[in-house]
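Nothing in this text is a laboratory measurement; each read-out follows from the coordinates by a stated rule. Everything numeric here is computed off the predicted structure, so don't read it as measured data. Ideal geometry is used to build each Cβ from the backbone, glycine not excepted, and the neighbour counts take in all protein chains shown.
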Amino acid sequence: MKKVLILHGWHGSDMPHWQAWLAQELVLRDTIVAFPQLRDAHAPQKEVWVRQALDAFKALSPDVVVCHSLGSILWLHLCAHLETHVPKLLLVAPPRDHSDTPEVATFFPTPLPLDLHAHEALMVVSNSDPYMSIEESHTLAKALDIPLEILHEAGHINTAAGFGAWEWALEWVLAK
């Protein structure tokens, strides 16, 4: 049975966000899902989120990790604490450095791990994301040495951009 860890971003990913939808759909397909609601989603602290996410990772030993926004940055911080690799990692809409934003400043600058602790990784971004330009996305994907999938006019790939049910994400997670 496939095990999936979902890491949300700043402000969380409650319904109708695609991550909440994905968690629900995966459970309906007999998948074990951990979707921890990380503490203080509106004013997160990196060390708290790292500890919570690491606990969830160790408890689940996931086959797939799906991250959105600040959750993608969280994964980059987690890499320094991981000893094992996941088969698949999806980083969706990671933001650029927001160290000037007090609510999320502890997450920046973002480390660029030499090992993403994933056998297969993919970064999905939008060419109209207000939190990271397409040029910055290319630079990050190249630095992480992972493929980049670009969605057109998809904003921050969140509820505000129309991403509730996202069949592509479900198919990607379930694919072998």
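For P(r) over Cα pairs in 10 Å bins from 0, in percent, pick the label among (i) 10, 40, 40, 10, 0; (ii) 7, 22, 18, 18, 16, 11, 6, 2, 0; (iii) 10, 43, 40, 7, 0 that corresponds to the value derived from the coordinates. Correct label, based on the coordinates given: (iii).
Using the Karplus relation 6.51 cos²θ - 1.76 cosθ + 1.60 with θ = phi - 60°, the per-residue 3J(HN,Hα) values for the range 150-159 come to 10, 8, 9, 6, 9, x, 8, 6, 9, 4 Hz, with x marking Gly and Pro. Ranked by the mean number of other Cβ atoms within 10 Å of their residues, highest first, the peptides 116-125, 165-174, 141-150, 3-12 come out as 3-12, 116-125, 165-174, 141-150. The label point for Cys79 and the one for Arg96, both projected 7 Å from the Cα toward the Cβ, are 2.0 nm apart.
When only alpha carbons are used to place a centre, the range 96-134 and the range 36-61 end up 17 Å from one another. Taking amide H as placed 1.01 Å from N in the peptide plane, Leu151 has its amide H under 5 Å from the amide H of Val125, Ser126, Asn127, each at least 5 places away in sequence or on another chain. At 20 Å minimum axial length over the Cα atoms and a Kyte-Doolittle cut of -0.5, report the qualifying DSSP H helices in the chain, or say none. Sorted by number, the helices that extend far enough and score high enough are 46-60. For Glu120, the amide hydrogen comes within under 5 Å of the amide hydrogens of Lys88, Leu89, counting only partners 5 or more places away or on other chains and with H modelled in the peptide plane. Straight-line cross-link partners of Lys88 among the aspartates and glutamates, defined as a Cα under 16 Å from its Cα and at least 8 positions apart when in the same chain: Asp63, Asp115, Glu120, Asp145, Glu149, Glu171. Taking label points 7 Å from Cα along the Cα-to-Cβ direction, Ala59 and Lys176 give a separation of 3.1 nm.
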